[in-house]
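All remarks here apply to the structure that follows.
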Amino acid sequence: MSPSNVLPRAVARFLLLPIGMIAVALFVKGLSSTGDGFAAGTVAALGVALQYVVFGHREAERCLPVRRAPLAAVVGLALGIAIGFAPLLSGDPAFTHLPPAGEKVAKLGTLELATSVAFDAAIFLTVFGMVVGIVRELAWAAEQETEEA
Amino acid sequence: MTDLLFLPLLVPWLAAVGLVLLDGRRPGVAWLAVGALAAHLAALAVLAARVFERGPEQAVTGEWPAGVGIVVRADALGMVFALLSSAVILAALVHETLAGVGGRRFPALVVFMAAGLTGLFLARDVFNFYVFFEVAMISAYALSTYGGEARQAGAAFVFAVVNLLGSFLFLIAVAGIYHQTGTLDMDGVTTGLAAAGPNAAILIAVLVLVAFSVKLGLFPFHPWLPAVYIGARPAVAAILAGALANIGSYGVLRFGADLLPAQLRAGSIVLVVLGSASIVYGAVQAIGRRDSAEVLAYSAIGQVGYVLVAVGVGGAVGLGAAVLYALVNGLNKALLFLSIDLRGWLVGAAFAVGAFSVVGVPPAAGFLGKVVMFRAGVETGSVALVVLIFLGGALSFLYMFQLYQTDFWAGAREVGRSAPRTRVVVLVLAVLVLALGAWPEPLLAVSRDAAEALGPEGP
Amino acid sequence: MTLLVSVVVAIVFGSGCYLLLKGDLFRVVAGTVLISNAAVLTLVGAGFTRGAAPIRPFPPGSEVSDPLVQALALTALIIGFGVTALLLTLAARVYASSRTVDLDQLSQIEATREDELEEAEA
Amino acid sequence: MTLDRRTVPTEAPEARTSEAGSATSDRTGRTAESGAAADGHPPARPDGPFPPAAALAATLAALAFAATLYAWLRGGGSIDLPWAPTLGLRLHFRLDALGALYALLATGIGAVVFLYSGRYLRLHLSHQGRPARDERSFYAFMLLFTVSMVGLATAQDLLLLFVFWDLTAIASYFLIGFDRHEAASWSGALMALLVTGITAVLLLVGSVMLFVAYGTFSLPEIIAEARPGPALTVAAALIALAGLAKSAQVPFHFWLPNAMAAPTPVSAYLHSAAMVAAGVLLIGRTYPLLQESELVLDGMLVVGLASMLAGGLIALTRERLKQVLAYSTVAQYGYMVALYGLGGAAGAAGGAFVVAAHALAKSALFMVSGAVTRASGGEERLGRLGGRWRTMPVVAGAGALAAAALAGLPLTAGFFKDELLFKAALEHGPVVTALVAAGPVLTLAYIGRFWGRIFLGSPKEAPTGPRSLATTLVAPIAVLALISLVFGLWTAPLESLAAEAGSVSLGGEPAGLSVAYHLDARATNLIALGVYTLGGLLLATYPRWLPVAQAFALVALRFGPERAYVSSLRQANRLSSALHRFEVRDLRRRVAAVLVPCGVLVTAGFLATPTLGQYEVGPLDGRDAPLAIVLALAAAAALAAMAPRSQLVLVLVLSSAGYSLAAVFALLGAPDVALVAVLVETLFALLFVAVFSLLPGGVLDREQSLSVPPSRRWRDPLIAVVSGLFALAVVWGTLSSPVPRGPRISERLIELAPAAHAQDVVTAILSDFRGLDTLAEATVLLIALAGVGGALSRARSS
């Protein structure tokens, strides 16, 4: 990385914040507007991918906890499965969300705190983990390739 | 009691998610996967026992009305295929674990495939079927690279491209089904398609048939199959031929006999012709091949032809025959493919059992398949069909025993010795094939019940 | 409208098939991306209604687009993405081991391997 | 050694067993020895204590014989257990006279042969340098064979019958292939399996036809219900064919001479008394059905006569001991088949009688040949033997008795075998009688030649084998020969058993059978006298007739069914290789193999169904102009994707197609899809570029300079256009007018979304209504990640 691309580096680092905000917004507005866990996860992952492109994988991984990306995906999916199938324990069919249809929901701003939100969060984690994981794999494979060449 | 309905799906699903993080090459991890699959199979067996005893069990996700939520149903047909597939997958995993797993993610992928297949066999929703179908398929694509050789990557690429094409055709069919019926729930789809325009319905039927023919590897959709089966490691080939191919048989039965019965009747001749072509083509190709995996790959092409012919014949007898043949064929293929890299006279005996089963010689279970096929053929009164089944059987005699003698008599498999423990699974499967032939009632009853679970075509 | 969507699906699908028939690995992957897009467009086109986005509150007086096909299309898109990502890395893997993206050469390699197998057995 | 040579006999059996056989035994003998040494098992020793496995097998068989005899004398009995109620299958066994006859033969002769095997097999194994433990599988399969024969003899259910039928074929396959390193065993075993196994399927087809017609596999029930008709004739003919093949009748006979590759005890058991007898047993068992059709009976008569004459003629020309006996078996089973074909009480009961009489004699003769061969250091050619009566007088004497029984000389059970045949033939006129009488004439000649050239004359070469033969090699021969003699004098037991067995075959009608010596000028006696005279004359002058018989044998082998078998096997392999050359091996054609048939099927669908009024253009007005424009853009981008030479440009074009589609989704009121489509397209572009960065520069552009061969220049666009057209047809067809505009699930989803606490209906569907789909979709992503990791880590390591 030559000093000449200080600007892109600064921009990239700076963009991380708005990208994160967009992701959060997409997620929070998911149930009431366009966007959902998948979109949010992808946007967030694109933000991380931008760091890879600009900083290279070593530096990107130094400042971001992305080595655990596959773990995030696994935890997300496990969480999703847990939320989906937990109702079985109380004798309800799978994917019965709480609170039940028609009942009042606690609100956090505009976000209605139903278990389906947690489910969406699980999807967010999975998608984020998966995309970042693939970007990471490709980045390392690229390094390997250049070393061989 | 919906908890038991989801349990066979939940167990492998959760287990596989956990296994992804672990290194499957460690024996403990592989045995963990085996344990998970065994638990899954046990849950499935309990559920199946209940289904056979009391009839189908059904649940809708989230307690929504059927169609709004996804309908999940365990009926006899789904249970039969789920049991077979899971048993084959478990056998292959145990086999590979005993031999030593060579890939980090192999156990996880295998368990994922079990989960995907179970979901698929439980799905009573057209789109849900597609989603689980993709879960199973992507596991299969990833699995077919197992072994890490260059040819396996190439084969996996071919496998993925051709089958993706099939999947997308199926997806287009799903879109058509929704547009024609306004629902995705299979019960609604059945009534909706019965009232749909004949042209639209037949186009949907064609797409579905093509999609499943690709999975089955029927002639002329087969050319991807030999490359994949020959390149794959024995355990993977066993899973593909013994478990994954069931998607095709099950799909043709479910979508043909259950959802599109009128189109099935109209197109029965197409099915019979396609199946017959497969039988002859697969068998003739197999005769000249000298490598075990090659012979078995072409044999697989030929054997699924019988299933298609039986579905084409239709009626209680034909559909029952299709289920039974698919069951027996799955077991045969698992047994034979798993034996490929093994040696010794016990393996020879197990292979001979498999070979006798393929050609339909009792007491190996395969003879039941031949009995029901001939029954279906005789009942249609078609001499050509009976002659074809006879001819297919005669050719299979030739290729199976040429192979058996080359491998075990002329010593093609004498070089090197396999550790005794790696033979366990193959021997267990051989005993199972013999036992099912000697006591045929379970197979016959189960396949009859499965055929009866199919809508209007059932008796 | 139906015809228009169908024609576009046909064009996208046909272009995808053309790429599948082309001689190199990455064009094949590109072809599957196109075919995947064609399938998603078909799903969206299978909706019964067209109109505003299915988000409450609905604009008064106008019809709401069929939400179910949108959910299906989303799911299909994402599945297509996952599978294509795998396919892409498989292509990279094939290239890494055989050092060519040309399918003619790859099929020649496969044929040679098979012949060797036959000879080894005979 | 190529596989073809191993699978397919290349020469006539005589030549092959001499040259090819000895050549390979040299080579494979060494392999076996080295293999034995490697396994740490020393080769079997020809002497030593009597092998316990043989003793055990013989004891078991003897016990089974005693039990069967006891049960039969106590009046038979039956077992009837449910087996597979779904198909109405029952484990139904009954020890009737027919079953008892064959079960007694199988167990009795089995016991004697097992006794003989003990010493013989050790000699055989030590000759080949194989370890003694190899004999375990031999006895296992011999016993399996015995059990299967008893089961076959008593089974009353057609499917059960088929099971035991094939079990005998399995046991026979492994016994013929016992010397698995020998080329002759290789092809002989395969041939026997193919011929008897494939024809067994005919039995299955016949049984299934009867099942479909009468709703049961139970033989007694079918017999009770059976009415003559074309269906019954076909089923009966199929069953009879299976029986004929198993009994080595023309034109299926050729497997038997080739099965002589088996060790001699196998031939003494399977190829005289059991395996071949199974065919006649089947005919006897299903005879009530077979005799409903004149056609089937006439066919059996013709086949029987042909086998009798052809077998007899060829037997006269064979050099090798076992070959003479094998062709003799073909001829002798021709007697029985002809008897059943002649029909009536004489035929049915006579057939049963002949089976027993022949089994005793032929089994003894096979053991004679084995004993002589072993005593001569493996010599089995008639021309090299001679004068052996000096060294083995007991064998010579017993052999003479057995030969006399086979030739139908008085005082042996064999005499009545001929007499019954003549009696039955006489009812069918002089032509049949003359043809039938030719059989015994030939028998007398070939068996006389066989015995004479072994035992009479002067020894051609000094015997190189063991000086004296073990008792257990000689006694079994003597026992069987003596039994033949006893039944020739004391005819009652065999007579009554055969009569009752005949009655079973006739469906319960009594089958009178009178077996006694009559010293008068009745027709059968006269014929017998004529036969002896002619046979004696033939024996005395056969060197003169030999060229004729040899010419016949040559023609039969060169143009006969064996040739057809060999060439069809070769053709099948050749066809397979030819077909394999057309097998698709590249991805393009694999893709085309999906698209082209799909197009064909879609076209067929169009032809089969009405299309008028099924297609609608759909509403389109001015407000849709933006949508039409982005759709056109998407189409244009997709078309453009076909052109670029550079991969990077391709990716850009691909992305623009994706973004255009996203715009389409947005205009169609699907903002969620549009958003995700944009994101996914962006990710694709990123991934493509990232993967391209793995490849050395230039590779992507260089590959594109490859020229397209002219053959493909038109084919690929054509296939693409065709697939586009069928996509158009399918999509347009399925998306046109949903016929019932009834309630749609999407309306319910919109209604219920608030109950799921969501304003965005699509999100409600994804996270609640169809959460299971979403979870599975997320799983696909995780699996993809696992797969990517796997593929790339290997890419790195390779």
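The values are calculated or read from the model by the stated rules, or taken from the named source; none is laboratory data. Just so it is clear, the structure is predicted and the values come from calculations on it, not from any experiment. Note that each Cβ is placed from the backbone with ideal geometry, even for glycine, and that neighbours are counted across all protein chains shown.
Things worth noting here:
- Pair list, Cβ < 6 Å and 6+ apart or interchain, from segment B:288-310 residues that are without any contact (Cβ under 8 Å) to a residue 12 or more places away in the chain to residues that are surrounded by fewer than 24 Cβ atoms within 10 Å (Cβ to Cβ) and in a helix (DSSP H, G or I): B:Gly288/D:Asn573; B:Gly288/D:Ser576; B:Gly288/D:Ser577; B:Gly288/D:His580
- Taken together, the criteria exclude D:Ala97 from residues that are farther than 30 Å from B:Arg448 by Cβ and without any contact (Cβ under 8 Å) to a residue 12 or more places away in the chain.
- Options B:Ala352, B:Ala410; residue that is modelled with pLDDT under 95, surrounded by fewer than 23 Cβ atoms within 10 Å (Cβ to Cβ) and within 11 Å of chain D (Cβ to nearest Cβ): B:Ala410
- Residue satisfying condition, being more than 22 Å from B:Gly166 (Cβ to Cβ), modelled with pLDDT of 65 or more and at the interface with another protein chain (Cβ under 7 Å from one of its Cβ atoms), within set D:Arg744, D:Arg713: D:Arg744
- Residues in segment D:243-263 that are in a helix (DSSP H, G or I) and either charged (D, E, K, R) or under 21 Å from D:Gly341 (Cα atoms) (or both): D:Gly243, D:Leu244, D:Ala245, D:Lys246.
- Failed item in (1) touching a helix residue (DSSP H, G or I) at 6+ places or on another chain (Cβ under 6 Å); (2) under 30 Å from A:Gln144 (Cα atoms), with C:Leu77 passing the rest: (2)
- Residue match in segment C:107-122 (condition: facing another protein chain (nearest Cβ under 7 Å) and either in contact with a Phe, Trp or Tyr (Cβ under 9 Å, 6 or more places away or on another chain) or at pLDDT 90 or above (or both)): no
Here is a yes/no grid of residues against (1) among the basic types (Lys, Arg); (2) surrounded by 21 or more Cβ atoms within 10 Å (Cβ to Cβ); (3) touching a Ser or Thr at 6+ places or on another chain (Cβ under 6 Å):
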{"position": "D:Leu73", "(1), (2), (3)": "no, no, no"}
{"position": "D:Pro82", "(1), (2), (3)": "no, no, no"}
{"position": "D:Gly88", "(1), (2), (3)": "no, no, yes"}
{"position": "D:Ile109", "(1), (2), (3)": "no, yes, yes"}
{"position": "D:Ser126", "(1), (2), (3)": "no, no, no"}
{"position": "D:Gly129", "(1), (2), (3)": "no, no, no"}
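- Of everything listed in (1) among the charged types (D, E, K, R); (2) within 7 Å of chain D (Cβ to nearest Cβ); (3) part of a helix (DSSP H, G or I); (4) over 23 Å from D:Pro696 (Cβ atoms), the single unmet condition for C:Arg50 is (3).
- In segment D:233-249, the residue that is farthest from D:Pro476 (Cα to Cα) out of those that are surrounded by fewer than 24 Cβ atoms within 10 Å (Cβ to Cβ) and in contact (Cβ under 8 Å) with a residue 60 or more places away in the chain is D:Thr233.
- From the options D:Phe552, D:Phe559, D:Phe487, residue that is surrounded by fewer than 19 Cβ atoms within 10 Å (Cβ to Cβ) and in contact with a Leu (Cβ under 6 Å, 6 or more places away or on another chain): D:Phe552
One line per residue, one yes/no per condition, for (1) in contact (Cβ under 8 Å) with a residue 40 or more places away in the chain; (2) farther than 25 Å from D:Ala310 by Cα:
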site: D:Ala516; (1), (2): no, yes
site: D:Asp520; (1), (2): no, yes
site: D:Thr524; (1), (2): yes, no
site: D:Gly530; (1), (2): yes, no
site: D:Thr533; (1), (2): no, no
site: D:Pro547; (1), (2): no, no
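- Verdict on B:Leu122 being touching a strand residue (DSSP E or B) at 6+ places or on another chain (Cβ under 8 Å) and not aromatic (Phe, Trp, Tyr): yes
- Selected residue (criterion: nearest to the chain's Cα centre (by Cα)) from residues of segment D:502-553 that are among the β-branched types (Val, Ile, Thr) and under 30 Å from D:Ala97 (Cα atoms): D:Val504
- Inter-residue pairs, beta-carbon under 6 Å, first at the interface with another protein chain (Cβ under 7 Å from one of its Cβ atoms) and crowded, with 24+ Cβ neighbours inside 10 Å and in segment C:4-32, second assigned to a loop (DSSP other than H, G, I, E, B) and of a type in the set (Gly, Ala, Ser), 6+ apart: C:Ser15/D:Ala641
- For D:Ala755: the one exception among (1) in contact with a strand residue (DSSP E or B) (Cβ under 6 Å, 6 or more places away or on another chain); (2) modelled with pLDDT of 80 or more: (1)
- Residue identified as among the β-branched types (Val, Ile, Thr), surrounded by fewer than 16 Cβ atoms within 10 Å (Cβ to Cβ) and either modelled with pLDDT under 90 or part of a helix (DSSP H, G or I) (or both) among B:Val425, B:Val431: B:Val431
- Applying the set (1) surrounded by 24 or more Cβ atoms within 10 Å (Cβ to Cβ); (2) farther than 24 Å from B:Leu84 by Cα to B:Leu21 leaves exactly one unmet item: (1).
- Test: residue in segment B:93-102 that is within 14 Å of chain A (Cβ to nearest Cβ) and buried (at least 24 other Cβ atoms within 10 Å of the Cβ): no
Quick grid of which residues meet (1) surrounded by 12 or more Cβ atoms within 10 Å (Cβ to Cβ); (2) out of contact with any Gly (no Cβ under 7 Å at 6 or more places or on another chain); (3) in a helix (DSSP H, G or I); (4) acidic (Asp, Glu):
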| position | (1), (2), (3), (4) |
| --- | --- |
| D:Pro493 | no, yes, yes, no |
| D:Gly507 | yes, yes, no, no |
| D:Pro510 | yes, yes, no, no |
| D:Leu529 | no, yes, yes, no |
| D:Thr533 | yes, yes, yes, no |
| D:Leu537 | yes, yes, yes, no |
| D:Trp545 | yes, yes, yes, no |
| D:Val548 | yes, yes, yes, no |
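- Selection status of B:Phe6, within 27 Å of D:Glu777 (Cβ to Cβ) and of a type in the set (Phe, Trp, Tyr): yes
- Selection from segment D:585-639 of residues that are at the interface with chain C (Cβ under 10 Å from one of its Cβ atoms), more than 21 Å from C:Leu4 (Cα to Cα) and assigned to a loop (DSSP other than H, G, I, E, B): D:Arg585, D:Asp586
- Enumeration of residues in segment B:316-364 that are small (Gly, Ala, Ser) and either under 24 Å from B:Thr380 (Cβ atoms) or in contact with a strand residue (DSSP E or B) (Cβ under 9 Å, 6 or more places away or on another chain) (or both): B:Ala316, B:Gly318, B:Gly320, B:Ala321, B:Ala322, B:Ala326, B:Gly360
- Residue in segment A:30-39 that is without any contact (Cβ under 8 Å) to a residue 24 or more places away in the chain, hydroxyl-bearing (Ser, Thr, Tyr) and not in a helix (DSSP H, G or I) present: yes
- Single match in D:Ser656, D:Ser660 (criterion: outside the structural domain of D:Val761 (by TED's automatic domain parsing), more than 20 Å from C:Leu87 (Cα to Cα) and surrounded by fewer than 20 Cβ atoms within 10 Å (Cβ to Cβ)): D:Ser656
- Positions within segment C:53-92 being outside any helix (DSSP H, G or I) and aromatic (Phe, Trp, Tyr), in sequence order: C:Phe58
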